[in-house]
Amino acid sequence: MTDRHLTIDYIEYTSVEEMEPQDRELVAAALEARSGSYSPYSHFQVGAALRLEDGTIVKGANQENAAYPSGLCAERTAMFAAGALHPDLAFDTLAIVGADHGVVCDDPATPCGACRQVMAEYQGKGGRPLKVILVGKDRIYKFARVDDLLPFIFDSLKA
């Protein structure tokens with residue numbers, strides 16, 4: 001038996017002003033993307049903004065449906081749109097912000113497992129780390145790669 005430990009590295013900011021200009025721009029786009037949320041059941045609005053390797057920003061918002069689970073998370077909305085519209089561009093950074101009844105959550109909203117797996121797939125497809133920014137009112141987390149959010153990534157492409 002071997003006892004192993006897992007370390008996850010990330011940066012924690014206390015305000016958006018501490019961030020690099022390109023990350024501030026992406027956070028602003030994610031905040032703006034919440035306006036496209038269709039969330040009449042949960043009233044939890046999520047906005048995501050994805051920067052591609054050429055600087056293009058693609059936004060997404062969560063979409064609910066009465067026939068649950070037919071909706072889609074903001075993260076996957078943005079990633080699938082980017083994958084369809086810009087299939088040859090790698091993903092660089094994804095910013096995510098959650099709000100309850102229109103108020104940004106104190107702590108960052110974290111992506112669900114399905115979104116993390118989709119992030120991992122696009123990170124692998126792009127051949128470079130996909131940075132992830134999780135935004136809350138009181139703190140912001142920045143991860144250098146999806147692996148820090150999903151350390152044991154399922155990767156059928158390597159199988």
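Bear in mind that the values in this text are calculations on the coordinates, not laboratory data. Given the structure is predicted, the values throughout are model-derived calculations rather than measurements. Every residue, glycine as well, gets a Cβ built from its backbone with ideal geometry; the counts of neighbours run over all protein chains shown.
Can you pull out every residue in the stretch 1-27 that is in contact with a helix residue (DSSP H, G or I) (Cβ under 8 Å, 6 or more places away or on another chain), surrounded by 12 or more Cβ atoms within 10 Å (Cβ to Cβ) and free of Cβ contacts under 8 Å to residues at least 60 places away in the same chain?
Arg24
Mind checking which residues of the stretch 64-80 are farther than 11 Å from Tyr41 by Cβ and surrounded by 15 or more Cβ atoms within 10 Å (Cβ to Cβ)?
Leu72, Cys73, Ala74, Glu75, Arg76, Thr77, Ala78, Met79, Phe80
Look through the stretch 81-96, keep the residues that are out of contact with any Pro (no Cβ under 8 Å at 6 or more places or on another chain), surrounded by 14 or more Cβ atoms within 10 Å (Cβ to Cβ) and not small (Gly, Ala, Ser), and return whichever of them is nearest to Glu32 (Cα to Cα).
Leu94
Just for strands (runs of 3 or more DSSP E) wholly inside the stretch 41-127: which have at least 1 residues that are more than 25 Å from Met19 (Cα to Cα)?
It comes to 44-52.
Can you tell which of Ala61, Ala109 is under 19 Å from Val135 (Cα atoms), surrounded by 11 or more Cβ atoms within 10 Å (Cβ to Cβ) and touching a residue at least 40 places away in the same chain (Cβ under 8 Å)?
Answer to the check: Ala109.
Exactly one of these conditions fails for Gly127: (1) touching a Leu at 6+ places or on another chain (Cβ under 9 Å); (2) free of Cβ contacts under 8 Å to residues at least 40 places away in the same chain. Give me its number.
Condition (1) is where Gly127 drops out.
Taking the condition of being under 23 Å from Ser15 (Cβ atoms) and out of contact with any strand residue (DSSP E or B) (no Cβ under 8 Å at 6 or more places or on another chain), how many residues in the stretch 102-128 meet it?
Of the residues in that region, 3 qualify.
When residues of the stretch 54-107 are filtered for being small (Gly, Ala, Ser) and under 17 Å from Gly136 (Cα atoms), how many remain?
Residues meeting the conditions: 6.
If I filter the stretch 130-153 down to residues being touching a residue at least 12 places away in the same chain (Cβ under 8 Å) and exposed (fewer than 13 other Cβ atoms within 10 Å of the Cβ), which single residue comes out as farthest from Leu6 (Cα to Cα)? Walk me through how you get there before you give the answer.
Step one: list which residues in the stretch 130-153 are touching a residue at least 12 places away in the same chain (Cβ under 8 Å), which gives 130-151, 153.
If we keep only those that are exposed (fewer than 13 other Cβ atoms within 10 Å of the Cβ) too, we end up with 138, 151.
Values: Asp138: 26, Pro151: 8 Å.
Per the stated criteria, the residue is Asp138.
For the stretch 129-159, enumerate the residues that are out of contact with any strand residue (DSSP E or B) (no Cβ under 8 Å at 6 or more places or on another chain), of a type in the set (D, E, K, R) and part of a loop (DSSP other than H, G, I, E, B).
Once the filter is applied, which keeps residues that are out of contact with any strand residue (DSSP E or B) (no Cβ under 8 Å at 6 or more places or on another chain), of a type in the set (D, E, K, R) and part of a loop (DSSP other than H, G, I, E, B), the stretch 129-159 yields Asp138, Asp155, Lys158.
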